[in-house]
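Questions regarding the structure given below will be posed in turn.
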Amino acid sequence: MYPRSPLASIQKFHQELIALRRDLHANPEIGFQEVRTSGIVAGALEALGVEVHRGVGKTGVVGVIRGQRHDSGLSIGLRADMDALPIKEEGDAAYCSTVPGLMHACGHDGHTAILLGTAKYLMQNRDFNGTAVLIFQPAEEGLGGAKAMVDDGLFERFPCDSIYALHNWPALPAGTIGINPGPMMAASDRWEVTVEGRGGHGAHPYQTIDPIVVAAHIVTALQTIVSRNVHPVESAVISLGHIQAGSPTTPSVIPSRAHLVGTVRTFSDTVQKLVESRMRALIASVAEAFGATAELKYHRSYPATINSAQQANFLADVATDLFGAQNVVRDLIPSMGSEDFSFMLQKRPGAYFRLGQGGAEQGRFLHNPKFDFNDEVIPMGSALFAALVERSMPLEK
Ligand code: NI
């Protein structure tokens with residue numbers, strides 16, 4: 001077993017971390033507006049004596065903790081996201097959101113509390129030879145706060161040999177760690193198509209080029225890309241999230257155009273490029289076959305979140321020492337969701353892992369209006385982060 005687990009020490013201030021987490025939960029802020037949240041984070045770090053850097057990537061905060069020694073020159077980055085979502089909370093907790101239409105529906109309040117727990121433990125012990133960089137990131141939910149921090153010189157200003165981040169996971173039992181040494185989450189791309197036809201009277205369709213019929217053929221044709229073009233052992237998803245043409249108040253009007261918007265999820269560059277090129281070809285040629293025109297607009301949002309094998313295996317080993325092999329899933333199936341920690345993983349080797357918290361069996365999934373972070377798992381997250389620091393930069397070799 002791990003010679004000196006941080007867990008027992010961190011459990012001593014569990015209640016304090018719960019109070020902090022619930023305060024954040026009651027006061028959610030959306031991406032790049034985490035002014036109160038980042039102020040609380042910076043204040044808590046300063047109270048611990050941590051060197052604090054505010055305003056990294058707009059509302060991001062970085063805390064730097066040096067070990068008892070740091071002549072090893074080693075450094076490790078730990079990331080927590082801080083933002084909430086534009087969802088109206090339907091939970092009944094005493095600490096539920098006080099901000100109309102906003103809530104912590106993804107548990108980033110818990111992630112922030114966890115990393116502050118790690119900070120407190122590391123400041124009390126400093127049993128490592130190197131530098132821990134605590135990265136409190138804004139705007140994970142769709143706005144790319146991780147990229148904003150990277151673009152703001154995060155890794156030039158705060159060098160990190162390796163980086164780690166966690167996300168709570170309701171589908172894993174509380175206290176279970178889930179990871180794998182490769183893809184953890186997918187690349188998320190947004191696509192949009194406008195089909196240009198020729199409008200007219202619904203009683204005289206032969207005088208028109210009906211964009212709705214063309215759009216329907218495009219939707220059907222797109223279904224063949226995953227089944228007929230992508231290699232059967234690779235993964236891809238093409239989903240349509242929006243389709244609009246005409247008006248329900250004018251049923252006898254064939255409109256001039258139809259509008260489609262959707263998402264593509266992939267794990268590899270090769271598959272991503274294949275899907276985009278097949279979509280472009282199919283959409284243009286299907287439209288042309290009907291005498292219409294259609295053009296694909298394809299926007300790459302978040303890249304795939306790919307763990308480095310070395311850091312993922314190291315994390316799984318440390319988690320096994322702390323919590324036992326029965327509580328570590330080392331071959332977790334990747335999610336087709338996305339995560340902007342991927343922008344940091346493009347710059348530094350590292351690993352992204354799941355901290356099981358249960359709740360899925362009661363329907364409390366991420367982004368659900370009844371979601372709540374499970375406070376019981378806070379010390380485990382804090383302890384695992386702390387152990388990564390102590391283990392990757394030991395005082396004695
Ligand atoms: Ni999240």
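In a GNM of the chain with a 10 Å cut-off on Cα contacts, which of Ala316, Ala236, Ala325 has the highest mean-square fluctuation?
Ala325
Ok, one more. How much accessible area per residue does the range 19-158 have, counting only protein heavy atoms and a probe of 1.4 Å, in square angstrom?
35 Å²
Angle between the Cα long axis of helix 378-392 and the longest principal axis of the chain, 0 to 90 degrees, nearest 10?
Long axis of 378-392 versus the principal axis of the chain: about 70 degrees.
Using 1/(1 + (r/R0)^6) with R0 = 41 angstrom and r between the beta carbons of Thr270 and Lys12, what's the FRET efficiency to the nearest 0.05?
Efficiency, from the Cβ-Cβ distance: 0.25.
How much accessible area per residue does the range 187-302 have, in Å², with a 1.4 Å probe?
That works out to 54 Å² per residue.
Rounded to whole Hz and in sequence order, give me ³J(HN,Hα) for the range 65-74 from the Karplus expression 6.51 cos²θ - 1.76 cosθ + 1.60, θ = phi - 60°, writing x for Gly and Pro.
Once rounded to whole Hz, the list reads 10, 9, x, 3, 10, 9, 6, 5, x, 7.
Next question. Which ³J(HN,Hα) values, rounded to whole Hz and listed in residue order, are derived for the range 154-166 from phi using the Karplus coefficients 6.51, -1.76 and 1.60 in 6.51 cos²θ - 1.76 cosθ + 1.60 with θ = phi - 60°, glycine and proline given as x?
Karplus-based 3J(HN,Hα) across the range 154-166 equals 3, 7, 6, 6, 10, x, 9, 6, 8, 9, 9, 8, 10 Hz.
Of all beta bridges DSSP finds with both residues in the chain, what is the antiparallel percent, to the nearest 5?
If we restrict to bridges inside the chain, about 70 percent are antiparallel.
Pairs of lysine in the chain with Cα under 18 Å and at least 8 positions apart or on different chains: total?
Taking the Cα cut-off of 18 Å, the pair count is 5.
Which whole-number percent gives the relative contact order of the range 187-302, counting Cα pairs below 8 Å spaced six or more residues apart?
Answer for the range 187-302 is 44 percent.
Can you give me the long-range amide H partners of Ala84? Hydrogens built in the peptide plane at 1.01 Å from N, cutoff under 5 Å, separation of 5 or more residues or another chain.
Correct list: Glu29, Ile30, Gly31.
Run the numbers for Ser301 and Ser252: contour at 0.36 nm per residue of separation, minus the present Cα-Cα distance, in nm.
Length difference between fully extended and current span is 13.8 nm.
How far is helix 309-323 tilted off the main Cα axis of the chain, in degrees rounded to 10, range 0 to 90?
50 degrees
Another question, then. Could you give the length gained by full extension between His231 and Glu396, i.e. 0.36 nm per residue of separation minus their alpha carbon distance, to one decimal place?
54.6 nm
Turning to a different aspect of this structure: Round to a whole angstrom and tell me the spacing of the C-alpha centers of the range 8-33 and the range 116-164.
18 Å
Show me, for the range 344-350, the HN-Hα J-couplings you get by feeding each phi into the Karplus relation (A = 6.51, B = -1.76, C = 1.60, θ = phi - 60°), rounded to Hz, glycine and proline as x.
Values per residue, Gly and Pro as x: 6, 5, 6, 9, 9, x, x Hz.
Defining a contact as two alpha carbons under 8 Å apart and six or more residues distant in sequence, what relative contact order in percent does the range 1-69 show?
Computed value for the range 1-69: 19 percent relative contact order.
I'd like the trypsin sites (Lys or Arg not before Pro) in the range 1-82 restricted to DSSP loop residues with at most 12 other Cβ atoms within 10 Å, sorted by number.
Arg4, Lys12
Let me ask something else. Rounded to a whole number, what % of the accessible area of the range 187-302 do carbon and sulfur atoms account for, probe 1.4 Å?
Carbon and sulfur atoms account for 55 percent of the accessible area of the range 187-302.
Okay, next question. Expressed in nm to one decimal, what extension gain is obtained for the pair Gln207 and Val35 from 0.36 nm per residue of sequence separation less their Cα-Cα distance?
So the extension gain works out to 56.2 nm.
Given a cut-off of under 8 Å on Cα pairs at least six residues apart, what relative contact order in percent is computed for the chain?
Once normalised by length, the contact order is 26 percent.
Rounded, prolate or oblate, given the Cα gyration tensor of the range 1-157, with a/c below 1.5 counting as rounded?
It is oblate, given that a/c is not under 1.5 and a/b is not larger than b/c.
What does the charge count near Arg22 come to, summing +1 for each Lys or Arg and -1 for each Asp or Glu among other residues with Cβ under 12 Å from its Cβ?
-4
I would also like to ask the following. Between Ile254 and residues 5 or more places away or on another chain, which pairs have amide H atoms under 5 Å apart, with H built 1.01 Å from N, and which residues are they?
Gly200, His201, Gly202
Then there is this: Please give the Cα centre distance for the range 50-82 versus the range 329-354, rounded to the nearest Å.
20 Å
Could you tell me how many degrees, from 0 to 90 and to the nearest 10, lie between the Cα long axis of helix 108-125 and the main elongation axis, the longest principal axis, of the Cα atoms of the chain?
20 degrees
Which residues does the label zone of Arg66 cover in the range 24-60, counting backbone N under 18 Å from a point 7 Å along Cα→Cβ?
46, 48-53
The values are calculated or read from the model by the stated rules, or taken from the named source; none is laboratory data. Values in this document were obtained by computation on a predicted structure and should not be read as measured data. Every residue, glycine as well, gets a Cβ built from its backbone with ideal geometry; the counts of neighbours run over all protein chains shown. These accessible areas exclude ligands, DNA and RNA; they are computed on the full protein's heavy atoms, side chains included. Shrake-Rupley method; radii C 1.70, N 1.55, O 1.52, S 1.80 Å.
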